[in-house]
């Protein structure tokens with residue numbers, strides 16, 4: 001009986017320890033706050049935050065962001081303590097000035113290029129001896145991996161990959177690839193498939209293209225944001241690790257209305273169009289880059305407005321700004337149904353519902369291509385449309401505007 005009680009006690013203790021480890025691990029190592037904003041992280045009993053500097057103590061207490069401009073601009077460290085006795089983690093916090101942006105809402109095209117070549121598939125191949133084989137088998141490489149180097153040669157695109165493989169003449173190749181930020185290595189021996197060709201049995205891709213909505217332009221820095229979500233590979237579903245890209249003008253060809261269970265989409269063309277800016281970052285909170293000089297006259301700019309923090313967002317009426325059929329961006333009525341105030345992790349921050357009959361008539365609600373459409377409430381930019389609810393196309397999600405600004409700051 002005592003043994004069973006001891007085992008039960010031990011299991012409970014291990015479970016409690018596991019909960020605390022998970023809670024501590026979930027606290028971010030870095031955070032960016034607007035001036036006057038409170039650092040909001042999920043904690044449980046016994047986990048406390050303490051600023052190392054008295055100048056930044058305000059980031060740990062609730063305050064009115066509308067009136068509090070006394071908070072210092074700069075960087076500090078916040079300690080995460082367990083029962084005020086054990087320091088278990090540190091959070092680097094940067095406090096930035098509040099800013100204003102110009103909401104755009106213009107559907108544009110994009111082209112992106114990966115940092116290396118992305119493995120999107122594998123297939124059996126037939127050599128010149130008519131034997132079927134899988135050169136990649138047992139190498140450890142798999143779909144979603146990014147090949148960045150073969151031997152001493154940097155792999156920047158598929159043409160370079162093919163060139164290096166053919167030059168090998170069938171000799172074993174040392175391959176360096178990335179997986180979830182980790183650098184790994186393997187060796188594969190190419191198989192001769194013709195007099196001049198050798199293959200690894202890997203399907204790869206080095207670029208992607210599509211259309212989406214430019215969210216805003218920040219006049220003070222010249223940077224822009226778009227989509228509100230990241231660009232993922234169509235085959236692997238993984239976020240693309242990009243080296244660079246271009247945001248360009250596009251032509252809207254048609255709109256397929258969304259229906260319950262079947263999301264709609266805006267179809268467009270990006271051939272022979274004009275470059276608007278350079279894409280510098282692809283993240284789960286959108287794509288970010290620098291506007292090209294002279295491109296502003298090709299963007300349908302509206303008036304400049306302040307970026308609201310999540311504390312300033314309220315349930316009820318709001319508007320989204322988007323362009324359809326190649327027209328000038330126009331405001332459409334929506335309703336904010338729910339605000340996930342503590343969401344600092346993904347792009348589903350605000351639950352919205354389209355109320356505008358004209359927009360519903362044109363699109364059925366939220367459709368692919370509208371991602372990035374700015375959301376405006378009380379004359380302030382509060383976020384961008386990111387997702388549609390497949391079973392209810394008039395409903396979807398938006399990401400907080402403050403999250404987008406903070407993500408953009410990591411670019412410049």
task = Can you grab the distance from the C-alpha centre of the range 26-46 to the C-alpha centre of the range 237-312, Å, no decimals?
result = 29
request  = Run the numbers on the range 124-200 and let me know its relative contact order in percent, using alpha-carbon pairs under 8 Å that are six or more apart.
outcome  = 34
inquiry  = Suppose we keep just the DSSP beta bridges with both residues in the chain; what percent of those would be antiparallel, to 5?
reply    = 95
note = With label points set 7 Å from each Cα along the Cα-to-Cβ direction at residue 130 and residue 256, the distance between them in nm comes to 4.4
inquiry  = With 27 Å as the cut-off, how large is the P(r) tail for the chain, expressed as percent of Cα-Cα pairs?
reply    = 60
query = Where the centroid of each part is defined by its Cα atoms, how far is the range 352-392 from the range 102-175 in Å?
reply = 38
task = Using a Förster distance of 35 angstrom, determine the FRET efficiency expected from the C-beta separation of residue 87 and residue 341, and round it to 0.05.
result = 0.80
query = What is the log10 of I(q)/I(0) for the range 260-312, computed with the Debye formula using one identical point scatterer on each Cα and no solvent, at q = 0.31 Å⁻¹?
reply = -1.16
request  = Provide the FRET efficiency to the nearest 0.05 for the residue 189-residue 241 pair, computing r from the beta carbons and using R0 = 35 Å.
outcome  = 0.85
request  = Give the Rg/Rh ratio for the range 2-96, taking Rg as the radius of gyration of the Cα atoms and Rh as the Kirkwood radius, to two decimals.
outcome  = 1.15
ask   = Quick one, what does Rg over Rh come out to for the range 210-337 if you take C-alpha atoms and the Kirkwood Rh?
value = 0.96
Extended-chain gain in nm, criterion 0.36 nm per residue less alpha-carbon gap, residue 160 and residue 115 = 14.9 nm
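Could you list 20, 217 in order of exposure, starting from the residue whose Cβ has the fewest other Cβ atoms within 10 Å?
Values: 20 15, 217 24.
Taking fewest neighbouring Cβ atoms as first place, the list is 20, 217.
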query = Where Rh denotes the Kirkwood radius from the mean inverse Cα pair distance, what is Rg over Rh for the range 169-213?
reply = 1.14
query = Once you treat every alpha carbon in the range 267-412 as an equal point and sum by Debye, what is log10 I(q)/I(0) at q = 0.13, 0.19 Å⁻¹?
reply = -0.60, -1.28
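Subtracting the Cα-Cα distance from 0.36 nm times the residue separation, let me have the gained length for residue 207 to residue 53 in nm, one decimal.
Working: separation 154, 0.36 × 154 = 55.44 nm, distance 4.58 nm.
Residue separation times 0.36 nm, minus the Cα-Cα distance, leaves 50.9 nm.
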key: Three semi-axes of the equivalent ellipsoid, the range 124-200, Cα gyration tensor, whole Å, largest first   = 22, 14, 10
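Compute the relative contact order of the chain as a whole-number percentage, counting only Cα pairs closer than 8 Å that sit 6 or more residues apart in sequence.
Relative contact order, the chain: 15 percent.
Arrange 199, 160 by Cβ neighbour counts within 10 Å, fewest through most, would you?
On the way: 199 20, 160 16.
Neighbour counts put them in this order, fewest first: 160, 199.
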key: Overall Cα dimensions of the range 25-179 - principal axes, largest extent first, Å   = 76, 47, 26
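Readers should treat all values here as calculations from the given coordinates under stated rules, not as data from a laboratory. The shown structure was predicted, so the numbers you read here are calculated from the model rather than taken from an experiment. Every residue, glycine among them, receives a Cβ derived from its backbone with ideal geometry; neighbour counts consider all protein chains shown.
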